[in-house]
Number of protein chains: 2
Amino acid sequence: MADTRYVHGYSSRESERLADQAQTLTNLLHHDTRYPPGSRVLEAGCGIGAQTVILARNSPGAIITSVDISEDSLKRAEEKIRQDGITNVTFRQGDIFRLPFEKGSFDHIFVCFVLEHLADPRRALEQLRPLLKDGGTLTVIEGDHGSAYFHPENEDAHRAVQCLVELQRKIGGNALIGRQLYPLVTGAGYTDVQVSPRMVYVDASRPALVEGFTKLTFTAMVEGVGPEVLKQGLMSPETWKEGIAALNGNAEPDGVFCYTFFKVTARK
Amino acid sequence: MADTRYVHGYSSRESERLADQAQTLTNLLHHDTRYPPGSRVLEAGCGIGAQTVILARNSPGAIITSVDISEDSLKRAEEKIRQDGITNVTFRQGDIFRLPFEKGSFDHIFVCFVLEHLADPRRALEQLRPLLKDGGTLTVIEGDHGSAYFHPENEDAHRAVQCLVELQRKIGGNALIGRQLYPLVTGAGYTDVQVSPRMVYVDASRPALVEGFTKLTFTAMVEGVGPEVLKQGLMSPETWKEGIAALNGNAEPDGVFCYTFFKVTARK
């Protein structure tokens, strides 16, 4: 997965988006991942460290190794971790398909917002499995852009979301991976696979989510692929603009927005 | 709402489907609705009593009045209640838009799987509100067929679900009402409106839901409108058959099915 093939790009606005998203969704997605003191944890695909910070704070006694393929992302992740005074994380550059660790090196593996970007997520999971000690756990968190629906309904808005799904598919990713995690993790040889959907429901009574999720996370993410959508002619400039306006309209007082993340735990 | 305008029809298979659905979903939807002994509860739109039985069992001391516009449905609801030895429910025939009760007659109103079938659900909620005493509560539960997504993805399956949505719209209903409940209930003048989505997630590790929900509830419901879909030419017999087969395919070992109900509580 080369840098240029990460669908959301590496701009500074994208960094802000990831930070906003992490903040708003921390409790929903991470509250039940706590690794015991002394346990060895691999975070496979840490990116710029948005989830690493949460992981390390929730398991302050765990010995965390965070890897990513992008040296640039790793640098930013390290900066973030240092700024936050977190000391239980070591960073290593590496390819998720051939990580430089001995068999059984880890008690737990954590994979968050990574598989959606891989052309062969099942092989990644298969490659990770031997790195776990016997009985070790795998935790995976992924979104599913096809789980997004909203009120008012708007065809251009749906089409705009669909463009993100198509662009991700074109570069070998899968934006609908959340719903597929059960067969995927089971198929990669793990046992005791348990899926826990985490739905984000947003209406006007939840202003922090209206701002932090409907606008700053989801709509900003869709908006981010605008230049590519227009370049590839997937939508006209007019309908794209309408679609984004409609997505922002879901943040109005009568609007509602729904999205579901999927969290999986399994054993080697 | 005349008998003939209930999209799912009144066949005996439909009765079985409703009974299966009620059984499987009881905990998910009803566990947190418990009315105190002596409280006066109106169930507006009880149908054949599938929810009435649960309501009465969960609140055995409440004094429940269940109304429906269909005399035939009421008869079947009464039979069911008698068979189950339930004694705290009284049935009355009535139109939800002009119920024969004094203002402030009830402490609580319960409306489940009813609004989706009404051409003007907001007016129904407005008409119900005066029947509550001050500070009384409203509870609404509705599905949202647009919340259904699944793996493997299949275009004919999506189209089949969309046919159900269109048919319901044609007879004045709204199969996407679940997501709209917040603005709807707020707009009808209720306060303290709180929406709680109840997602049904089904994979092979949950065989009771595979059978009870993916197949016997959702797919059976879609299948039930087949004759009308073919009569109106909304799909060809071949693509319809493919779509239903694909929906049943979500019950296979690698299949996943997701659907979300929305539960609302509010005060007068």
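The values are calculated or read from the model by the stated rules, or taken from the named source; none is laboratory data. This one's a predicted model, so the numbers in the text were calculated from it and none came from an experiment. Every residue, glycine as well, gets a Cβ built from its backbone with ideal geometry; the counts of neighbours run over all protein chains shown. Heads up: the accessible areas ignore ligands, DNA and RNA and are worked out on the full protein's heavy atoms, side chains in. Shrake-Rupley method; radii C 1.70, N 1.55, O 1.52, S 1.80 Å.
Could you list, in sequence order, all residues of segment B:165-178 that are among the aliphatic types (A, V, I, L, M), open to solvent by 10 Å² or more (accessible area, probe 1.4 Å) and free of Cβ contacts under 8 Å to residues at least 60 places away in the same chain?
B:Leu176
Could you list, in sequence order, all residues of segment B:25-49 that are under 15 Å from the mean Cα position of the chain (by Cα) and assigned to a loop (DSSP other than H, G, I, E, B)?
If the condition is that a residue be under 15 Å from the mean Cα position of the chain (by Cα) and assigned to a loop (DSSP other than H, G, I, E, B), then B:Gly45, B:Cys46, B:Gly47, B:Ile48, B:Gly49 are the ones that fit.
Only one of these is at pLDDT below 95 and among the hydrophobic types (A, V, I, L, M, F, W, C): B:Leu29, B:Leu74. Name it. Please lay out each step first, then the result.
Numbers: B:Leu74 fails: at pLDDT below 95.
Being at pLDDT below 95 and among the hydrophobic types (A, V, I, L, M, F, W, C) holds for just one of B:Leu29, B:Leu74, which is B:Leu29.
Failed condition for A:Gly38, given (1) modelled with pLDDT under 95; (2) open to solvent by 30 Å² or more (accessible area, probe 1.4 Å); (3) among the small types (Gly, Ala, Ser), with all others met?
(1) is the only condition that A:Gly38 fails.
Just the residues that are farther than 23 Å from B:Val140 by Cα and crowded, with 20+ Cβ neighbours inside 10 Å, please, taken from segment B:194-208.
B:Val202, B:Asp203
If a residue must be among the charged types (D, E, K, R), touching a residue at least 60 places away in the same chain (Cβ under 8 Å) and under 18 Å from B:Phe150 (Cβ atoms), how many such residues does segment B:225-247 contain? Can you show your working first?
Residues of segment B:225-247 that are among the charged types (D, E, K, R), as a first pass: B:228, B:231, B:238, B:241-242.
Among the residues that remain, those that are also touching a residue at least 60 places away in the same chain (Cβ under 8 Å) are: B:228, B:242.
Applying the additional criterion that residues be under 18 Å from B:Phe150 (Cβ atoms) yields B:242.
Selection size over segment B:225-247: 1.
Can you report the number of residues in segment B:128-160 which are more than 28 Å from B:Thr33 (Cβ to Cβ) and within 14 Å of chain A (Cβ to nearest Cβ)?
The qualifying residues number 8.
Could you check how many residues of segment A:41-63 are surrounded by fewer than 21 Cβ atoms within 10 Å (Cβ to Cβ) and within 18 Å of A:Leu128 (Cα to Cα)?
Qualifying residue count, segment A:41-63: 1.
When you look at A:Gln162, is it free of Cβ contacts under 8 Å to residues at least 24 places away in the same chain, surrounded by fewer than 20 Cβ atoms within 10 Å (Cβ to Cβ) and within 22 Å of the chain's Cα centre (by Cα), yes or no?
Working: free of Cβ contacts under 8 Å to residues at least 24 places away in the same chain: yes; surrounded by fewer than 20 Cβ atoms within 10 Å (Cβ to Cβ): yes; within 22 Å of the chain's Cα centre (by Cα): yes.
Spelling it out, A:Gln162 is indeed free of Cβ contacts under 8 Å to residues at least 24 places away in the same chain, surrounded by fewer than 20 Cβ atoms within 10 Å (Cβ to Cβ) and within 22 Å of the chain's Cα centre (by Cα).
What number of residues within segment A:211-220 satisfy the criterion of being farther than 15 Å from A:Pro152 by Cβ and either among the aromatic types (Phe, Trp, Tyr) or open to solvent by less than 20 Å² (accessible area, probe 1.4 Å) (or both)?
Selection size over segment A:211-220: 5.
For segment B:179-193, give me each residue that is surrounded by fewer than 21 Cβ atoms within 10 Å (Cβ to Cβ) and at the interface with chain A (Cβ under 7 Å from one of its Cβ atoms).
B:Pro183
May I ask you to verify whether B:Ser205 is in contact (Cβ under 8 Å) with a residue 12 or more places away in the chain, within 12 Å of chain A (Cβ to nearest Cβ) and of a type in the set (S, T, N, Q)?
no
Checking A:Arg169 against (1) more than 14 Å from chain B (Cβ to nearest Cβ); (2) assigned to a helix (DSSP H, G or I), only one condition comes out false. Which one?
(1)
Taking only segment A:42-75 into account, find how many residues are touching a residue at least 60 places away in the same chain (Cβ under 8 Å) and under 17 Å from A:Phe113 (Cα atoms).
9
Name every residue in segment A:64-90 that is buried (at least 21 other Cβ atoms within 10 Å of the Cβ), among the hydrophobic types (A, V, I, L, M, F, W, C) and in contact with a helix residue (DSSP H, G or I) (Cβ under 7 Å, 6 or more places away or on another chain), in order of residue number.
Matches in segment A:64-90: A:Ile64, A:Ala77, A:Ile81, A:Val89.
Taking segment B:223-260 only, how many residues are within 14 Å of chain A (Cβ to nearest Cβ), open to solvent by less than 10 Å² (accessible area, probe 1.4 Å) and not β-branched (Val, Ile, Thr)?
Total satisfying the criteria: 5.
Condition check ((1) in contact with a Phe, Trp or Tyr (Cβ under 6 Å, 6 or more places away or on another chain); (2) under 30 Å from B:Met199 (Cβ atoms); (3) in a helix (DSSP H, G or I)) across all residues:
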| residue | (1), (2), (3) |
| --- | --- |
| A:Gln51 | no, yes, yes |
| A:Arg57 | no, yes, yes |
| A:Ile64 | no, no, no |
| A:Leu99 | no, no, no |
| A:Val111 | no, yes, no |
| A:Leu125 | no, yes, yes |
| A:Arg129 | no, yes, yes |
| A:Lys133 | no, no, no |
| A:Phe150 | yes, yes, no |
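Hey, can you tell me all the residues within segment A:97-144 that are among the hydrophobic types (A, V, I, L, M, F, W, C) and open to solvent by 20 Å² or more (accessible area, probe 1.4 Å)?
To start, the set of residues in segment A:97-144 that are among the hydrophobic types (A, V, I, L, M, F, W, C) comprises A:97, A:99, A:101, A:106, A:109-115, A:118-119, A:124-125, A:128, A:131-132, A:138, A:140-141.
Scanning segment A:97-144 gives A:Phe97, A:Leu99, A:Phe101, A:Phe113, A:Ala119.
State yes or no: is B:Arg159 touching a Pro at 6+ places or on another chain (Cβ under 9 Å) and of a type in the set (Lys, Arg)?
Here the answer is no, as B:Arg159 does not meet what is asked.
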